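Read the structure below first, then the notes.
The values are calculated or read from the model by the stated rules, or taken from the named source; none is laboratory data. Since the model is a prediction, treat every value here as computed from it, not as a measurement. Counting neighbours? That spans all protein chains shown, and the Cβs are built from the backbone with ideal geometry, glycine included. What goes into the accessible areas is simple: the full protein's heavy atoms, side chains included, and nothing from ligands, DNA or RNA. Shrake-Rupley method; radii C 1.70, N 1.55, O 1.52, S 1.80 Å.
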Amino acid sequence: MTTPALLCRQLIKTFDGTRALDGLDLSVEPGTIFGLLGPNGSGKTTTIRTSLGIYKPDGGSVQLLGSSDPLAVRRQTGYLPEERGLYARMKLHEQLAFLASIRGLSAAESARRASAWLDRVGLGARAESLTRELSKGNQQKVQFAAAVIHDPELVVLDEPFSGLDPINSRLLKDLVLEQRAKGTTVILSTHRMEEVEALCESICLVYHGRAILSGRLRDIKAKYGRNTIAVEHGGGPGVLNQIRGVQACDDGGREVRLRLEPDADPRTVMRAVLDRVDVSSMRLDEPRIEDIYLETVGAAEPRR
Amino acid sequence: MSPALVFKVARREYLARVRSRAFVLMTVFVPAFLGLYLLAVPMLGRSSSKDLRIAVLDAGTGLGTSVAERLRAIERPHITVTETSTIEAADPAARAPYNAAIGDRALDGYFLLERADSAPARVRYFAREGGNPVLMRELRLAVQTAAIGRLLAGTGVDSADVRRAQQLDLAVVSVSDRGEREGGFGIALASTMSLAMLLYMAVLINGQGMATAIVEEKSSRLIEVILGAVTATEFMAGKILGVVGSGLTQLGIWMIVAIVALVQAAPALAISSAVSGFDLSAVLNARLLFYFAVFFALGYFLYSVLFAIVAVTCTSTEELGQSMMAAILPMVVALMVAISVISNPATTATRVLSLVPFFTPLVMTARVNVLMPPLWEVWLGILLLVVTSIASGWAAAKIFRYALLMTGKRPTLPELIRVVKA
């Protein structure tokens, strides 16, 4: 077994009497893309900051890249915070070169990489523009470049896709995959389940400062089984709700997703669907990460 | 602490400061305004010397005619005595027409001379504008000369001689183990004030720029990226050094401009300095300039650190605006102390105050200017200043490390003290 790129054990962090982290466990395999999921305010950002040594934990331990002191290995990490921020009045190239140089690169190497990265994110022609003259999406790409310009062993991306158009989203996705291909460990914190589905090998679902679900995405899905029927029939859930064996019905707009009770027979349910509505397509599906997310968080929700 | 990283942070901060619009504007405008001021002061004096129409009302002192005569003899401003009247009583009814004339701008002012028991006369000057000290001095002299003239009548002493005697000036020469030096209060005040003003401007522009940058870095979380590469101490040290560098650059530019301007404009200045009794050679001596530069640099350093401390506890630029006063206050208090020191350069209180680091830059400069203190005191002040600045910078880094964790809420003072002690 290889040493995890990040290992958190029983992390506790309290702010003014509120437990932001309440015994969180986390293990990230090196060289993989890891999804950190959870509702707003569940403790994702606190987990990231504590893992990177920005916060000191009140309890528990962090092992980052094999070191128990995250600050000792900080040059080998990269971080894209959720709040978008760069020096507004600095030129793009100068800014990237500065951020590269404080990570220990020589001035010449910093300048070379800054140029290469600006070209890579399609902003080569704007190297001399001030950062504040750029659109939000373009600033975000620069910020991503800043997070990885020093070739870190581990990079943490907090909501990297928010606010990006499809083209830039695509570009960023490619860049993330490129990082993994180089062997970089990527921790991705996001609310966009389709990105998790497309990119992540493992996930951890954080809720009220605890990991309520974690593991390889493949294993998690296997545990849930192929218990979902996706139906396209040009209508809403309507009567499908009442079919015996259907536990829940999720109206996805074009598609209605029926989650089956554990002991229900999918073939019986599918027949019942065909009897009731005019189906244009139907398939037996594994649960999407979104379904698992909703179900797990729903179950963890304190009963009122 | 890695010097290379401190240098990189300092370099960025320095360039950000020096390229900022505020820096460029202030570097140009401060000398420009100072130059204009120097040129304008004599002109202001001249423009106020317009012709005046003044009446003299004598309520039984018998001085009226002679005061009128003296008023006419004043060269600048030229005074027209519109009338010299004798009135029965100085009651409001008698004055009413004259007040009305002032109201109609037919008259600029009038004298009212009354009998008094303990003095030759009780003299009042009624006017719309009575503030001009130069005019008031002339008027007072005119009345005094008239009164003395009457006392001396028949003694053979010329009242013009008395007047010349009254105009004698007192030149102050400071004597120390370094010899004699002309000038005292005026020069000390002028150079302390200019140090204060330069310090104030430079700290305000550069310190505020740095403070805003720190708050920006905090609120944008860019700081979390930067602190992934440098320590809080390296970051703080770099910031402060960058700002100190930009301040010294500014001072350097100002000094070069000042020297060039003085050399170029010496003849013009000679005229205005003759007016105000200002001796340039006394200001421009090497020792004074040396201490001026030393105290500027150190004071600037300490006050910049104060700005940094205030900035790291703020989470938004609005908050920063409200808190900035805390960083500016010590400088303002120091200036007030320094001004009082100029008149009491050798008291124990002064000696103690000049060793309090927050006051040292201005107060010690004032002392050096007025009466050179023992060298060991000056250097003790410098040492204390350096130590305090470094300690404050270190405390700022600690507070910074702590305040960084806080979003939305500001650390309280007891929390800060706990953090610094820890």
Residue under question is residue A:35, and the condition is that it be touching a residue at least 60 places away in the same chain (Cβ under 8 Å) and either assigned to a loop (DSSP other than H, G, I, E, B) or more than 19 Å from residue A:75 (Cα to Cα) (or both); does it hold? yes
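Only residues that are touching a residue at least 40 places away in the same chain (Cβ under 8 Å), assigned to a helix (DSSP H, G or I) and open to solvent by 10 Å² or more (accessible area, probe 1.4 Å): list them for the range B:291-323, please. Before you say what the answer is, go through the steps one by one.
Of the range B:291-323, the ones touching a residue at least 40 places away in the same chain (Cβ under 8 Å) are B:291-317, B:319-320.
After this cut, where a residue has to be assigned to a helix (DSSP H, G or I) as well, the list is B:291-312, B:317, B:319-320.
Matches in the range B:291-323: B:291, B:292, B:293, B:294, B:297, B:298, B:301, B:306, B:309, B:310, B:317, B:319.
Residue-by-condition table, conditions (1) within 11 Å of another protein chain (Cβ to nearest Cβ); (2) closer than 15 Å to residue A:211 by Cβ; (3) at pLDDT below 90:
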position: A:31; (1), (2), (3): no, no, no
position: A:51; (1), (2), (3): no, yes, no
position: A:55; (1), (2), (3): yes, no, yes
position: A:74; (1), (2), (3): yes, no, yes
position: A:77; (1), (2), (3): yes, no, no
position: A:84; (1), (2), (3): yes, no, yes
position: A:90; (1), (2), (3): yes, no, yes
position: A:101; (1), (2), (3): yes, no, no
Leading residue by the ranking (nearest to the other protein chains (Cβ to nearest Cβ)) among those in the range B:1-28 that are at pLDDT 90 or above and open to solvent by 90 Å² or more (accessible area, probe 1.4 Å): B:11
Flagged pairs (Cβ under 6 angstrom, 6 or more apart or on separate chains; first in the range B:152-169, surrounded by 11 or more Cβ atoms within 10 Å (Cβ to Cβ); second of a type in the set (S, T, N, Q) and modelled with pLDDT of 75 or more) are B:159/B:145; B:163/B:145
Which condition number in (1) open to solvent by 20 Å² or more (accessible area, probe 1.4 Å); (2) farther than 22 Å from residue A:159 by Cβ; (3) out of contact with any helix residue (DSSP H, G or I) (no Cβ under 7 Å at 6 or more places or on another chain); (4) within 14 Å of chain B (Cβ to nearest Cβ) is the one that residue A:61 fails? (4)
List every residue pair whose Cβ atoms lie under 6 Å apart, where the two residues are 6 or more positions apart in sequence or sit on different chains, the first residue falls within the range A:232-245 and is assigned to a loop (DSSP other than H, G, I, E, B) and at pLDDT below 80, and the second residue, located anywhere, is surrounded by 12 or more Cβ atoms within 10 Å (Cβ to Cβ) and not aromatic (Phe, Trp, Tyr). A:236/A:251; A:237/A:249; A:237/A:251; A:237/A:256
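For every residue, the table says whether it meets (1) part of a helix (DSSP H, G or I); (2) at pLDDT below 80; (3) within 36 Å of the chain's Cα centre (by Cα).
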| residue | (1), (2), (3) |
| --- | --- |
| B:30 | yes, yes, yes |
| B:34 | yes, yes, yes |
| B:37 | yes, yes, yes |
| B:49 | no, yes, yes |
| B:54 | no, no, yes |
| B:57 | no, no, no |
| B:67 | yes, no, no |
Which residue is nearest to the other protein chains (Cβ to nearest Cβ), if the candidates are limited to the range B:198-235 and must be assigned to a helix (DSSP H, G or I) and touching a Gly at 6+ places or on another chain (Cβ under 6 Å)? B:222
Taking the range A:192-215, which residues are out of contact with any Phe, Trp or Tyr (no Cβ under 9 Å at 6 or more places or on another chain), closer than 25 Å to residue A:20 by Cα and open to solvent by 10 Å² or more (accessible area, probe 1.4 Å)? A:207, A:208, A:210, A:211, A:212, A:214, A:215
